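S.K.: Have a look at this one.
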């Protein structure tokens, strides 16, 4: 059954199997990081991994170069590069060889430092100073090359020889670092790097006497690298915005040794430990996960979940780091270390998700592996065949071949997918929509059917009092007061619903004595010396009094409501109808999915009457009384009919169906969300979030396709104009640089997307 007691903690479901069909998403249990509380280095596998913070990675070609260089080492098992996080994770077969990896990255032109934990990785990102470009190596090289070019022009006015010498100086300043990086990249497996293409093009230009143009092309290439670095920096600034939500200081409660009075001290957040008592002033961000000890107010959870309205908090309620205290002073006890807060776990989840390449990105990487060598061979053919076969001018065709080498740079193409995926993940995370990498995004974009659980997914997951029906002289408040008096003895969802309704109506309940629970039936007791019973209709089904209730009960039950009866001296005096109410946004969320041409249906273990009542209000078909295996069979059947199926659920009984679906989405909120079993999760559990997640995925895939068309279109255009002799080296390098910057900026448009 779908019905779950309100106080039951949602059980985390087992990770999916990796051995699914070929068309399934490759899965990984990274969502466990969000619910784990132990150290990042508790597992033996982590002992064979290192995390490096790498400066200088600004395009997809950089990532491929690093993957090839480190992946070629015999003892390295796996290399994962995250351009957005400026991190490289290296897995070894045995003990890590971190110094060797750092040395190789340095030779490739990068700056790498080893980070022991995800926490120090994040601290390095936050503490790395953002230097102006003229103080960075790339900026200094650009200024030196540009200055030498200007000097050559000035000296050329005075003396041709002096101008020519200065020109060769400019060539050397720009050429030597680029050529050296090309050689080192070739040494570690990347023969056809952008630096190698640039080196060959410069050599070809010098060979035919176009030294000035070669120097200008090198200068433009350096400008392009700087622009790529700036664009990548903008991408990281948007993507890392979550990490800026954590306050740097906190007010910790201390007890003075002399007077034993409680005071507060302001200390760095990094110095806090579990058990510290913190004072959170109105308007302050909460610095750590904790539990409210004293104070009543509201907290803005939007930085964590995207929820638009603040949530009321009282003693005993959990609060999370990065959220904002809105109203009154809260005194909280810290319950998690800084690197294990919910916010930190989400940041780590997103970082890990960025490392999982999307199918399109994997295809483009394979394509680029063959594409670049083909460009080099094609350029060689252009340089040789027309002069040899048709007697054309050697200089002209060598010049065109050099231009083709620049046009053939795959940077923009390689970067077209990961930048969009990173931006899409960032947008989703800010709104409480967590997706496990690019594969999930691409599959969600192709969704044609969404299968929902009922209880806790489409409904609120806890019974609420719907109708109170007095049968004799008593009114609703009297029935509620008597039922509440009896319900104090029962730890049952319906009893809690009665007490909550009495509290909401400010109904003072009577005092009951001799309370005792009748297992499976209800609770009995005496009120003012008179015996009362509150419980199931079946408990009095054998009595003649039950006959008078049949018609009324049948009407209420046909609407999917659960009934309890209140009796006095064995005589029914009132009925209470309970219902698991629809979530406020359920109808709107289902309508939004229908508007996107996505079919919806309900798969539930609940009774068919309750299921059909909910399904009718949502205008979707319902399949009820299903065991977990039956839910999975429904998913498989839909897939066999060509559907890309998303399963949305929040309970252990949804695990088989979540595993069978093309994408499983866990519904929930806060720390209770069942993350580890699913490919995606919505933190504040709204049905509308499922539609928003699919919309975001479709928009992200659309941006990816735009980037691919943009990158290939520009290359094709300049290929034609180069072969026809219309464009030369300068437009070619500008086109390559421009395409790389354009695909990055196009991906960043996702950061402004409103769902």
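Read-outs throughout are calculated quantities, based only on the coordinates presented, and are distinct from any laboratory measurement. Since the model is a prediction, treat every value here as computed from it, not as a measurement. Reconstructed Cβ throughout: ideal geometry from the backbone, glycine too, with neighbour counts over all protein chains shown.
S.K.: So for the pair residue 594, residue 609, with labels modelled 7 Å out along Cα→Cβ, what separation do we get in nm?
M.R.: For the pair residue 594/residue 609, the computed spacing is 2.6 nm.
S.K.: Taking just the C-alpha trace of segment 581-628, give me its Rg and Dmax in Å.
M.R.: For segment 581-628, the Cα radius of gyration and maximum Cα-Cα distance read 11.0, 30 Å.
S.K.: Something else now. For segment 709-755, evaluate the Debye formula with one uniform point scatterer on each Cα (no solvent term) and list log10 I(q)/I(0) at q = 0.14, 0.18, 0.32 Å⁻¹, rounded to two decimals.
M.R.: Log10 of I(q)/I(0), two decimals: -0.41, -0.58, -1.12.
S.K.: I'd like the FRET efficiency for residue 568 and residue 716, computed as 1/(1 + (r/R0)^6) with the beta carbon distance as r and R0 of 60 Å, rounded to 0.05.
M.R.: Efficiency, from the Cβ-Cβ distance: 0.10.
S.K.: While we're looking at this one, here's another question. Nearest 0.05, what FRET efficiency do residue 477 and residue 538 give at R0 = 45 Å with Cβ-Cβ as r?
M.R.: Computed FRET efficiency for residue 477 and residue 538 comes out at 0.95.
S.K.: Quick one: length gained pulling residue 262 to residue 312 fully straight, 0.36 nm per residue minus the C-alpha distance?
M.R.: Using 0.36 nm per residue and subtracting the Cα-Cα distance, I get 15.4 nm.
S.K.: How long is the gain from residue 150 to residue 270 if the chain were fully straight, where each residue apart is worth 0.36 nm and the alpha carbon distance is subtracted?
M.R.: 38.2 nm
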